[in-house]
1. On C-alpha positions alone, give me the angle between the axis of helix 59-68 and the longest principal axis of the chain, in degrees, nearest 10.
2. Given H placed on each backbone N at 1.01 Å, which residues far from V44 in sequence or on other chains put an amide H within less than 5 Å of it?
3. My understanding is that a pair violates if its Cα-Cα distance is over 25 Å; which of K35/K195; K30/K174; K139/K162; K2/K176 do that in this structure?
4. Scan around M73 for amide H atoms under 5 Å from its own, H built in the peptide plane at 1.01 Å from N, and keep only partners 5 or more places away or cross-chain.
5. Over the chain, give the accessible area per residue in Å² for a 1.4 Å probe, as an integer.
6. Using a 1.4 Å probe over the heavy atoms of the protein chains, calculate the carbon and sulfur portion of the accessible area of the chain as a whole percent.
7. Taking the Cα centre of the stretch 4-152 as origin, sum charge times position over the Cβ atoms of Lys and Arg (+1) and Asp and Glu (-1), and report the length of that vector in debye to the nearest 20.
8. In degrees, nearest 10, range 0 to 90: what is the angle between the Cα axis of helix 23-41 and the longest Cα principal axis of the chain?
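The values are calculated or read from the model by the stated rules, or taken from the named source; none is laboratory data. Just so it is clear, the structure is predicted and the values come from calculations on it, not from any experiment. Note: ideal-geometry Cβ built from the backbone for every residue, glycine included; neighbour counts use all protein chains shown. Calculation scope for accessible area: heavy atoms of the full protein, side chains included, ligands and nucleic acids excluded. Shrake-Rupley method; radii C 1.70, N 1.55, O 1.52, S 1.80 Å.
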Amino acid sequence: MKFIFTSDIHLQEDAPICRTDDYFNAQCKKLEWLKGIKEEHEAVILDAGDIFSKCYPSHWLVSKAIQMLPKGMITVPGNHDLPRHSLDLIDKSGLWVLNEAKILDVLLDKPLIYQTEGICVQGFPYGSKIDSIKINKRKSIQYIAIIHIMTWVGGEPYPGAKNDGLEVNELMEKLKGYDLIITGHNHSSFVVKNKD
């Protein structure tokens with residue numbers, strides 16, 4: 001089984017102020033590339049949240065997402081995907097339309113899980129409580145957590161970050177037993193290894 005990890009795609013119609021190119025076209029090209037990689041490698045895409053930049057995208061943008069997103073992606077809700085950052089309101093979001101249309105699968109903070117070929121994936125949406133979660137580990141299964149949380153290496157990236165997230169070692173301690181933890185929310189990428 002091959003996986004592709006993504007996060008914080010932030011589909012939007014208008015260009016951020018720092019972009020001077022045809023931003024929407026650039027997003028389309030990146031999603032086309034992602035589809036191609038997925039098909040070439042027959043991979044599953046695991047996404048750590050924020051498919052959209054706004055929880056209420058326009059009908060036009062939702063229809064474009066239906067056309068452009070690789071089918072069968074597995075994601076967790078990010079803060080931008082949730083009305084008022086509340087999981088209770090997910091059914092009012094553009095992300096939920098994609099879930100209901102079977103374009104992607106949204107993992108909520110339930111005990112389950114996406115499971116296939118010796119892989120078990122647990123989703124943790126934005127705002128999920130992460131209190132030293134213990135899993136019943138079986139040697140023949142690899143455990144993956146996908147979570148939308150602000151996480152960082154070293155010192156806090158901004159004042160008050162601890163109110164919204166965890167330093168990477170704290171997160172790994174709380175998610176002991178997982179073989180791989182994929183996070184979204186922090187737009188700076190990094191990889192941290194702990195033993196194996």
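1. 70 degrees
2. Distant-sequence amide H within range of V44: K2, F3, I4.
3. K35/K195; K30/K174; K139/K162
4. Answer set, sorted by chain and number: D105.
5. Accessible surface, normalised per residue, equals 57 Å².
6. Result for the chain: 52 percent of the exposed heavy-atom area is carbon or sulfur.
7. Values: 17 positive and 19 negative charges, 94 e Å.
The dipole of the stretch 4-152 has a size of about 460 debye.
8. 50 degrees
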